[in-house]
Amino acid sequence: MSDSHDPQNPQDTYETASTPVGYGDDTIAAIATPPGIGGIGIVRMSGPSAFAVGLRVFQPAHALPDNAPPSHQLLFGRAIAPATGEIIDEVMAVFMRAPRTYTREDVVEISAHGSPLVLRRILEAMLAAGARSAQPGEMTLRAFLNGRVDLAQAEAVMALINAETDAGHRLALRQLQGELSAEVGRARGQAMAALVRIEASIDFPEEEVPAPNPSELGAFIADAEATIEHMLAGADRGRVLREGLRVALVGRPNVGKSSLLNALLRTERAIVTPIAGTTRDTVEEKALIGGIAVQLVDTAGLTPTENPVERIGVERSRDAARSADMLLLVLDGSEALTPLDESVAAELRTLTQQDTTRPAILIRNKADLLRRIPDEAAQALWPDAPLVATSTVTGEGLASLEGQIAALALGGAAQAGDVLVSSARHKDALRRGLEHLQAAQVTLADGLPLDFVAIDLRAALEALGEITGETATADLLDRIFAEFCIGK
Ligand code: GDP
């Protein structure tokens, strides 16, 4: 490690991603627009011979000065098959000189008419002229290996493409702009501050380097712990913003679960996607509530039964309730509470015993009818849950229910603004980083040799580095980029 290391500078990382030798030597090409017919389709190429290959496939309408295309300028012309000179389409092409490109390599993009046949023929022309087919995510992998983006930012590209909600989109954009990376860098810098002091005293014991003060080391480590804990605190909300929330509607038959499900879907402008493989026991639909993707699961009921066929349905309902992020317990407000209501509520309390923090909402439905359940009686079924009165007939209370779902999903009044972590991979790496820091604190407090503290600190830095990619293994990179689409 160099002694010019600045622990306060998050850019100054412990290990640096090394570009595998030979990587990016070749030129890759792919259709970058989605399959199918469209107004425009784009074929993209990246690599050292992108310009040479591009000039064999693209014939400009007007002669280029010195036969060299000006960088970052849209040119009109024709795409041709280089072997035969046959015209494939009239196109626009842009030649972009490294390093101001997506991959930091030379990039050429040809925009043609959005015909799958035309695009495939342009791609084939590029392959015939010396490019090779890109793997999924390979363009973004190159951007990462060439240091244009870190790993978290590369993943944000995919999250941005896949975002289905405004909230998910905003989160991905912030990650792409480096907010997560900066915060991880801060935690690494703090852990590094402790490590450099220890290493200096180990490397130069006879020299003038004073033995580090344990309380000073402890303070640096505590700073790093606090930074990580703060990120972890928002992680579950981040997952909800990105992946959506599973919400189970539970209650005895006829209280209005299906009607509520339909009402929540109807009030929403966006999506109604039936989920494949649903059974008559549980019905799942996607809705957009307060900018959050919500998977609503209507359970057939947690009603005890002797009928073996129905028992399967009860089991499915239990599983749905068990795996849900949020539970909506629905009551028919026009009838007095029945033993079945009580047993469903009791069942839910048992199911969620392990996780008392699981958000739940009590719904007194059929509020348009004469009310037979006093609030206190309803509330007694689930003391911590907010109580909402709804009617699927008049629409009363539905907006308030949506508000409650969104608010609970995001952790009460907390702002989505401080959420940075949305991926399970990042959360896992943060957790491991935190555990190593906690181990370092224990080692330090026990007065063990500082070498041991250094081991824990290095392990923590390694775990954090997996997020931004400094310490990511080739295997991890393969797994991440394999999920990308071709051409990205
Ligand atoms: P589920 O078995 O819990 O899914 O209940 P359903 O949604 O099938 O509803 C049972 C019955 O209650 C149906 O006849 C609905 O039309 C009726 N219902 C549902 N919600 C309301 C409501 O808010 N007000 C009134 N008056 N009837 C309702």
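Amide H contacts under 5 Å for Thr392: Lys366, Ala367, restricted to partners 5 or more places along the chain or on a different chain, H placed in the peptide plane at 1.01 Å from N. Rg and Dmax of the chain, based on Cα coordinates, read 28.9, 88 Å. Kirkwood analysis of the Cα pair distances in the stretch 318-413 returns a hydrodynamic radius of 13.8 Å. Computed from Cα atoms, the angle from the helix 214-233 axis to the main principal axis of the chain rounds to 70 degrees. Taking the C-alpha atoms only, the angle from helix 166-176 to the longest principal axis of the chain is near 40 degrees.
For the stretch 10-149, would you read off the P(r) tail past 21 Å as a percentage of all alpha carbon pairs? Provide the component values of the computation, followed by the final result.
Working: 3999 of 9730 pairs.
Roughly 41 percent, once rounded to a whole number.
Measuring spread by the Cα atoms of the stretch 90-144 yields a radius of gyration and Dmax of 12.1, 33 Å. Can you give me the angle between helix 116-128 and the longest principal axis of the chain, using Cα atoms only, in degrees from 0 to 90, rounded to the nearest 10? Taking the Cα atoms of the chain, the angle to 116-128 is about 40 degrees. Close amide H partners of Gly487, meaning residues 5 or more places away or on another chain with modelled amide H under 5 Å apart, are Gly137, Glu138, Met139. With contacts taken as Cα pairs under 8 Å and at least 6 residues apart, the chain reaches a relative contact order of 17 percent. Rolling a 1.4 Å probe across all protein chains gives Ser115 an accessible area of roughly 40 Å². For the chain, what is the calculated [θ] at 222 nm in deg cm²/dmol (nearest 500), taking -39500 (n - 2.57) for each run of four or more DSSP H residues and dividing by its residue count? It comes out at -14000 deg cm²/dmol, rounded to the nearest 500.
Among beta bridges identified by DSSP and lying wholly in the chain, the antiparallel ones come to about 65 percent. Its Cα centre serving as origin, the chain has a Cβ charge dipole (Lys and Arg +1, Asp and Glu -1) of approximately 2040 debye. I'd like to know which of Ile88, Val149, Asn67 lies farthest towards the positive end of the charge dipole of the stretch 10-149, counting +1 on Cβ of Lys and Arg and -1 on Cβ of Asp and Glu. Sorting the options by dipole projection puts first Ile88. A 1.4 Å probe run over the protein chains yields, for the stretch 10-149, 49 Å² of accessible area per residue, whole-number rounding.
Gain on full extension, evaluated as 0.36 nm per residue between Ala222 and Ala182 minus their Cα-Cα distance, stands at 12.6 nm. Annotation for the stretch 430-468 versus the stretch 160-185: alpha-carbon center distance of 28 Å.
Of the heavy-atom accessible surface of the chain (probe 1.4 angstrom), what whole percent is carbon and sulfur? Could the numbers behind the result be given before it?
Details: 12140 of 22810 Å².
Roughly 53 percent of what the probe reaches on the chain is carbon or sulfur.
Remark on Ile88: its backbone amide H falls under 5 Å from those of Ala79, Ile80, Ala81, a criterion applied only to residues 5 or more positions apart or on other chains, H modelled at 1.01 Å from N.
The charge dipole of the stretch 444-488, taken about its Cα centre with unit charges on the Cβ atoms of Lys, Arg (+1), Asp and Glu (-1) only, comes to about 220 debye.
When only Cα pairs below 8 angstrom with a gap of at least 6 residues are kept, the stretch 10-149 shows a relative contact order of 30 percent. Remark: the stretch 10-149 carries a charge dipole of roughly 160 debye about the Cα centre, counting +1 on each Lys and Arg Cβ and -1 on each Asp and Glu Cβ.
Using the average count of surrounding beta-carbon atoms within 10 Å as a protection proxy, the listed peptides 74-82, 475-483 rank, highest first, as 74-82, 475-483.
The values are calculated or read from the model by the stated rules, or taken from the named source; none is laboratory data. For clarity, every value in this text was computed on a predicted model and none was experimentally measured. All Cβ positions, even for glycine, are placed from backbone atoms using ideal geometry, and neighbour counts span all protein chains on display. Only protein heavy atoms, including side chains, enter the accessible area calculation; ligands, DNA and RNA are left aside. Shrake-Rupley method; radii C 1.70, N 1.55, O 1.52, S 1.80 Å.
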